[in-house]
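Each remark here refers to the structure printed beneath this line.
The values are calculated or read from the model by the stated rules, or taken from the named source; none is laboratory data. A quick note: this is a predicted structure, and the numbers were derived from the prediction, not measured. Note: ideal-geometry Cβ built from the backbone for every residue, glycine included; neighbour counts use all protein chains shown.
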Amino acid sequence: MNKYGKFAQETWKMTAPSQYALIPDPEEWFRKLGEEAMHQVGELQYKLAGPDPKGETYLEKVGRLNASRMQAEEIVRAEMLTPDEMETEGDDSDEEMPESTRLMHEIIQSFNHGYQEDLENLRAEELDRDNQRQ
């Protein structure tokens, strides 16, 4: 299982344990999900990076590609690897969690909200670029 599958599996165990328990073969399911996420990151990375600007140095290109990869990973994590907000456990289960787990749960949810906004902005920018090319 790759890093994306492991991330998803741990996130689901922590934030949506009752839904996680419903998955018949979690190892296989998260392995496949991780492979699909890796494929999506690869495709999205190059879309976000765009074409090479004229006069770009080697180090500038490495930085641009690394930044686009990190951004693609963030988007894929939010869209594919974390359970939907409706699938996460309710507030009453948060009270039973240890403080550190509850804080991590809150952090993940706040990141998801930010990533969704970023994704919407990226989609709008991509549509604008596509419309300008036509």
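Can you tell me which residue is farthest from the chain's Cα centre (by Cα) among those in the stretch 44-66 that are assigned to a helix (DSSP H, G or I) and exposed (fewer than 12 other Cβ atoms within 10 Å of the Cβ)?
That would be 58.
Among the residues in the stretch 24-36, are any of a type in the set (A, V, I, L, M) and either closer than 22 Å to residue 1 by Cα or not in a helix (DSSP H, G or I) (or both)?
yes
Of (1) of a type outside the set (Asp, Glu); (2) at pLDDT below 95; (3) on the phi < 0 side of the Ramachandran plot, residue 50 satisfies all except one. Which?
Exception for residue 50: condition (3).
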